[in-house]
Amino acid sequence: MNLPLPTPDAQAHSQCLSAELHREIVAGGGWLSFARFMEQLLYAPGLGYYTAGARKFGAAGDFVTAPGMTALFGQSLARQVAQVMAQAAPAVLEVGAGSGRLAADILLELERLEALPETYWILDLSADLRQRQHQTLAAEVPHLLSRVSWLDTLPEAFAGVVIGNELLDAMPAEIVAWREAGIFERGVGLDAAGNFVWAERPAGGALLAAAREIGEQCCLPPGFESEISLASRAWMAEWGHRLRCGALLLIDYGFPRREFYHQQRARGTLMCHYRHHAHPDPFYWPGLQDVTVHVDFTAIIAAAHAAGLELLGYANQGQFLLNCGILDQLARLPLGTADYIRATSAVGKLLMPHEMGELFKVIAIGRGIDQALCGFSSGDQSRRL
């Protein structure tokens, strides 16, 4: 791989996390599940990618998310948020709020729609990102900052709208290999030089049960390798206990199960992002890069159904944003101006199938919502799940 070399300080930081992971592997008898390895890469206190303070978003970071491309993304999403709040409660909870850009855009548009929430909650594990979110909101919506509060854990009970933009893909995932000899869990070991290497052992418990079900449903041949995120399933199930009335709006890249576990993805969907380079090596400078997997949306809705929640809609991002009036938002900008030209380019990336419009999906899951959601008024693909 021809990737930019980290600075000496960044290398030293990565070496600290590598040493922690090395000790954990040794303590585990020479093997660590990939889910635990991924969890530490991203969330190890003070060392993980999302907890250590390095810049992650935008041109100076490792990737750009939809809210960073144009405010029209958040403005369009706000229309759906307002509709759900009108049926549930005037509250929003954004989980994993990144730079705070999406929160600012949603709040400004809800203000324009005269549909502000009483509280806009943010749940983020990173103290660094919390500080950046506060700075963004203080600069962009200072008159609304009093409505924003931060949480350390999921609330015991909640009514309103839960937003998760590129949240599920960053939840730890197990990696499974379907072999001639059976189903194996792929984890991380150490070679003679102490470097991280892939290592396998027979799968067991809930992971084995999930892998068997997927293998039978999708007719997976020996040699197929992919991810199963038990963490995202458990997170979804938690909302069955906590959501009193309202909806979760989850936006992420992924597929229905039969597309996720397709032969063209026979080596899985694991992807790493470093300085706007995408590559498949999770062992590269631990703690300095994002590590993600695509979302099996069939698993998400199955966990939700088992917890007593219902599917309210499922569509690709392009169709959802069109349904939410993103072109109307674009038309509000003065024609021919620099702002209009930049926004037009960004909207094209958000909508076009060969860009983000098809790969990214929006799923709405909830309880007590009787009115059909505007974001799925056309092009709903729930039947594919």
Task: Among residues of the range 259-307, those that are hydrophobic (A, V, I, L, M, F, W, C) and more than 24 Å from ALA237 (Cβ to Cβ), counted - done: 7
- [ ] Quick one: LEU327 ticks every box in (1) farther than 21 Å from GLY375 by Cβ; (2) out of contact with any Lys or Arg (no Cβ under 9 Å at 6 or more places or on another chain) except a single one, so which number is it?
- [x] (1)
Open item on the list: Is it the case, given these coordinates, that GLY246 is at pLDDT 95 or above and at positive phi?
Closed with: yes
Task: Filter result (charged (D, E, K, R), closer than 16 Å to TRP178 by Cα and within 21 Å of the chain's Cα centre (by Cα)) within the range 217-256 - done: GLU227
TODO: State all residues of the range 357-375 that are surrounded by fewer than 23 Cβ atoms within 10 Å (Cβ to Cβ) and not in a strand (DSSP E or B); if no residue qualifies, say none.
DONE: GLY357, GLU358, LEU359, GLY368, ILE369, ASP370, GLN371, ALA372, CYS374
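Give the residue that is surrounded by the most Cβ atoms within 10 Å (Cβ to Cβ), with candidates limited to residues of the range 256-271 that are among the charged types (D, E, K, R) and outside any loop (DSSP other than H, G, I, E, B).
Only one residue fits best here, namely ARG257.
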TODO: Residues being of a type in the set (Gly, Ala, Ser) and on the phi > 0 side of the Ramachandran plot: count how many of those fall in the range 133-186.
DONE: 2
Open item on the list: If the requirement is being surrounded by fewer than 20 Cβ atoms within 10 Å (Cβ to Cβ) and of a type in the set (D, E, K, R), which of these qualifies: GLU185, GLU180, GLU174?
Closed with: GLU180
Open item on the list: Tally up the residues in the range 323-345 that are crowded, with 20+ Cβ neighbours inside 10 Å and out of contact with any Cys (no Cβ under 7 Å at 6 or more places or on another chain), please.
Closed with: 3
Task: Qualifying position, being of a type outside the set (Ser, Thr, Tyr) and under 30 Å from ALA52 (Cα atoms), among HIS354, HIS276, HIS305 - done: HIS276
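Tell me, yes or no, whether the range 330-350 has at least one residue that is hydroxyl-bearing (Ser, Thr, Tyr) and assigned to a loop (DSSP other than H, G, I, E, B).
Residues of the range 330-350 hydroxyl-bearing (Ser, Thr, Tyr): 337, 340, 344-345.
With assigned to a loop (DSSP other than H, G, I, E, B) added as a condition, the list becomes 337.
Taking every residue of the range 330-350 in turn, at least one turns out to be hydroxyl-bearing (Ser, Thr, Tyr) and assigned to a loop (DSSP other than H, G, I, E, B).
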- [ ] Output the residues belonging to the range 295-319 that are over 17 Å from the mean Cα position of the chain (by Cα) and either among the aliphatic types (A, V, I, L, M) or part of a strand (DSSP E or B) (or both).
- [x] ALA302, ALA306, ALA307, LEU309, GLU310, LEU311, LEU312, GLY313
Open item on the list: Looking at ALA157, ALA127, ALA139, ALA115 in this structure, which one is in contact with a helix residue (DSSP H, G or I) (Cβ under 8 Å, 6 or more places away or on another chain), of a type outside the set (Val, Ile, Thr) and farther than 23 Å from ALA234 by Cβ?
Closed with: ALA115
Task: Top-ranked residue in the range 23-38 [being touching a residue at least 40 places away in the same chain (Cβ under 8 Å) and assigned to a helix (DSSP H, G or I); ranked as farthest from VAL176 (Cα to Cα)] - done: VAL26
TODO: Of all residues in the range 84-114, count the ones that are more than 21 Å from LEU351 (Cβ to Cβ) and more than 16 Å from the chain's Cα centre (by Cα).
DONE: 17
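Right, ALA52: more than 27 Å from TRP239 (Cα to Cα), modelled with pLDDT under 95 and either small (Gly, Ala, Ser) or buried (at least 19 other Cβ atoms within 10 Å of the Cβ) (or both) or not?
It is true that ALA52 is more than 27 Å from TRP239 (Cα to Cα), modelled with pLDDT under 95 and either small (Gly, Ala, Ser) or buried (at least 19 other Cβ atoms within 10 Å of the Cβ) (or both).
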TODO: Answer yes or no as to whether PRO353 is closer than 15 Å to PHE255 by Cα and without any contact (Cβ under 8 Å) to a residue 40 or more places away in the chain.
DONE: yes
Task: Only one of ARG265, ARG233, ARG258, ARG275 that is charged (D, E, K, R) and farther than 28 Å from PHE196 by Cα - done: ARG258
- [ ] Can you tell me which residue within the range 167-180, out of those that are assigned to a loop (DSSP other than H, G, I, E, B) and touching a Ser or Thr at 6+ places or on another chain (Cβ under 6 Å), is nearest to LEU77 (Cα to Cα)?
- [x] MET171
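The values are calculated or read from the model by the stated rules, or taken from the named source; none is laboratory data. This is a predicted model, so every value here is computed, not measured. Don't worry about glycine lacking a Cβ; one is built from the backbone with ideal geometry, like all the others, and counts go over all protein chains shown.
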